[in-house]
Amino acid sequence: VVFVVLFQWLAEMFIGRNYAVALLFVTPLALLMTQLAAPSDPAGLLQDRAVETVDGAAVGMAVVYLWRSRAERRAAAE
């Protein structure tokens, strides 16, 4: 519980100044809160988090690639 409070406080302190730094505290906070609510295997939880992060990054890059390609095609047609 002490770590949950600490990570929550750190996230709140950094969220307005630097969102990327705040994410360093939000992720452990979410993992700890999940563990407190429903204890489970931490390795499985970390693996699921890693897979979801990679999936999200891949989808984000695909959308940026497709969006940029359309914009570039429109610019070339003009």
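The values are calculated or read from the model by the stated rules, or taken from the named source; none is laboratory data. Predicted model, so just to flag it, every value in this text is computed and none were measured. As a convention, Cβ positions derive from the backbone with ideal geometry for all residues, glycine included, and neighbour counts pool all protein chains shown. Keep in mind that these areas ignore ligands, DNA and RNA; they rest on the heavy atoms of the full protein, side chains included. Shrake-Rupley method; radii C 1.70, N 1.55, O 1.52, S 1.80 Å.
For the chain, with only Lys/Arg (+1) and Asp/Glu (-1) charged at the beta-carbon, what is the dipole magnitude about the Cα centre, in debye rounded to 20?
Working: 6 positive and 7 negative charges, 72 e Å.
Roughly 340 debye for the chain.
At a 1.4 Å probe radius, carbon and sulfur cover how many percent of the accessible area of the chain?
Working: 4410 of 6360 Å².
Result for the chain: 69 percent of the exposed heavy-atom area is carbon or sulfur.
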Whole number in Å², please: accessible area per residue of the chain, 1.4 Å probe, ligands, DNA and RNA not counted.
-> 82
Residue-by-residue Karplus 3J(HN,Hα) for the range 52-61, coefficients 6.51, -1.76, 1.60, Hz, glycine and proline x | 5, 5, 5, 4, x, 5, 5, 5, x, 5
What value, in deg cm²/dmol to 500, does the helix sum -39500 (n - 2.57) over DSSP H runs of n ≥ 4 give at 222 nm once divided by the residues of the chain?
-> -31000 deg cm²/dmol
Of Trp9, Pro42, Ala58, which is farthest along the charge dipole of the chain in the positive direction, counting Lys and Arg as +1 and Asp and Glu as -1 at C-beta?
-> Ala58
Over all alpha-carbon pairs of the chain, lay out the pair-distance distribution in 10 Å bins, whole %, shortest bin first.
-> 16, 30, 28, 15, 9, 3
